[in-house]
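Please read the structure below before turning to the comments.
The values are calculated or read from the model by the stated rules, or taken from the named source; none is laboratory data. Please read these numbers as outputs of a predicted model, since none were measured by experiment. Backbone-built Cβ (ideal geometry, glycine too); neighbour counts: all protein chains shown.
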Amino acid sequence: MTPNIRPFFLEVTSAWKLVSSRWKTLLKLVVVPLVPFALTIPYIMELLNSIQYGELPALQGATIFNFVIAFIAGVAFFVAGIITKASILHTLSQPKDLGARVALNKGSNIFFHFLWTEIIVSVYLAFSYLPFAILIFWYENTGATWFASIFDPILASIILGLLGIIFLLPLIMAVIWLSFASLITVTGDAKAGLDSLTYSTTIIRKNFWLVTLRLIGWVIFSYILTQAVQPLPYMRWIIPFLLMLTGAAFVVVLYKDARGTESPEPVVISTPKVVRKSKPRIKTPTVI
C-alpha cells in the first residue's frame, strides 16, 4: 500500500466535490431517521404537555399509550440513525453514486456489525474521557478552594488550563486513533469490532502526524466557518448540516489517501510455446 496524503485544502476540496456530486442521495438518507419521529410527534407532544413540573402525572391509559409510542419512536429513531450513518459512509466510499436504495440495503445488512463497532468505539472514548471527568469532579468539589488558597488567580487559571489539556489528551488521542474504525467496517477492509479498531490504528500509525494535523485542521476550519455564519438567519442552520456531510466525506477521502492503493504488479504475458509434431518417417523399401 502506497499512501498519498494530499495537502489539507485539496482534501477538503475533494470531500466537497464528493458531497456535491451525490447530494440527492445524501439528502434522502438524512431524511430517513426523521420519518419515525415525524409520524409519532403528536403523541410525543401530548406526552410532553402532560408532564408538569418535571414529574410524570399519575399513570393513566392515555399517558401509558403515549409513553409507549414515544419509546418505540425513540428506538426506531436510533435504529434508523445507525442505518443512515452506515449508508452515508457507504455512499461516500463507493466509486460512483449507487442511489439511496442500494445504500440503505447495505446499511441494513451490516447494521449489527456497524453497531458493534460503534459500541466498542464509544466504550473506548468513554474510558478515555474518565481522567478529564475526574479532574472536573475534583475541581468542582475541592480543587477550586485549594487553587484559590495557594495560587494567584491568573496563575491558577493557567495551571488549570494545562491540567485540562493533559487530562483531555487521552480522549483526543482515542478520537484520532479510532477515526477510521466505523468506515473500515462499512468498506469491509476489516471485520467489525476490534479488527476495525486495530486496522484504523495501523493505518494512522504509518501517517500519524499527517492524519492528525488534517483532522485538527478540519475541526478548526469547521469551527471558524460555523462561528462566521452565526449572525446569518438561515446559513447558521445550513452550514453545520453541510459541514456534517462534508466532514464524513473528508474522513473517507483522508482514509483512502492514508491507506493508499495497492500498486499492481506488472503482468507478464507469456506466449505459449508451439510444439510441432514431427511427422513419422515412412521407410521406403530398398529394391535389390
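Scan segment 154-170 for residues that are surrounded by fewer than 14 Cβ atoms within 10 Å (Cβ to Cβ), modelled with pLDDT under 90 and within 26 Å of Tyr124 (Cβ to Cβ) and jot them down. Passing the criteria: only Gly161. Against the criterion of being surrounded by 15 or more Cβ atoms within 10 Å (Cβ to Cβ), under 34 Å from the mean Cα position of the chain (by Cα) and not aliphatic (A, V, I, L, M), Phe147 does not qualify.
Of the residues that make up segment 75-88, is at least one in a helix (DSSP H, G or I), more than 30 Å from Trp16 (Cβ to Cβ) and modelled with pLDDT under 90? Looking for residues that are in a helix (DSSP H, G or I), more than 30 Å from Trp16 (Cβ to Cβ) and modelled with pLDDT under 90, one finds at least one in segment 75-88, hence yes. Asp97 meets each of the listed conditions (1) in contact (Cβ under 8 Å) with a residue 60 or more places away in the chain; (2) of a type outside the set (Gly, Ala, Ser); (3) assigned to a helix (DSSP H, G or I) apart from (3).
Kindly evaluate Gly188 against the criterion of being modelled with pLDDT under 95, in contact with a helix residue (DSSP H, G or I) (Cβ under 7 Å, 6 or more places away or on another chain) and on the phi > 0 side of the Ramachandran plot. Please lay out each step first, then the result.
Numbers: modelled with pLDDT under 95: yes; in contact with a helix residue (DSSP H, G or I) (Cβ under 7 Å, 6 or more places away or on another chain): no; on the phi > 0 side of the Ramachandran plot: yes.
Taking the combined requirement at face value, the residue does not satisfy it.
Filter segment 224-253 down to residues that are in a helix (DSSP H, G or I) and among the hydroxyl-bearing types (Ser, Thr, Tyr) and give me whichever is farthest from Thr187 (Cα to Cα).
Of the residues in segment 224-253, the ones in a helix (DSSP H, G or I) are 224-228, 235-253.
If we keep only those that are among the hydroxyl-bearing types (Ser, Thr, Tyr) too, we end up with 226, 246.
On the way: Thr226: 30, Thr246: 18 Å.
So, considering only residues that are in a helix (DSSP H, G or I) and among the hydroxyl-bearing types (Ser, Thr, Tyr), the one farthest from Thr187 (Cα to Cα) is Thr226.
Would you confirm whether or not segment 173-183 contains a residue that is over 15 Å from the mean Cα position of the chain (by Cα), assigned to a helix (DSSP H, G or I) and free of Cβ contacts under 8 Å to residues at least 12 places away in the same chain? Among the residues of segment 173-183, not one is over 15 Å from the mean Cα position of the chain (by Cα), assigned to a helix (DSSP H, G or I) and free of Cβ contacts under 8 Å to residues at least 12 places away in the same chain, which makes the answer no. Condition (residue is loosely packed, with under 13 Cβ neighbours inside 10 Å and aliphatic (A, V, I, L, M)) applied to segment 183-190: is it met by at least one residue? No - not one qualifying residue is present in segment 183-190.
Taking residues in segment 226-248 that are more than 17 Å from Lys17 (Cα to Cα), and partners anywhere that are among the small types (Gly, Ala, Ser) and modelled with pLDDT of 90 or more, not one pair has Cβ atoms closer than 8 Å while being at least 6 places apart or on different chains. It is to be established whether one or more residues within segment 199-221 are over 22 Å from Ala249 (Cβ atoms), not in a helix (DSSP H, G or I) and not hydrophobic (A, V, I, L, M, F, W, C). Checked segment 199-221: no residue is over 22 Å from Ala249 (Cβ atoms), not in a helix (DSSP H, G or I) and not hydrophobic (A, V, I, L, M, F, W, C).
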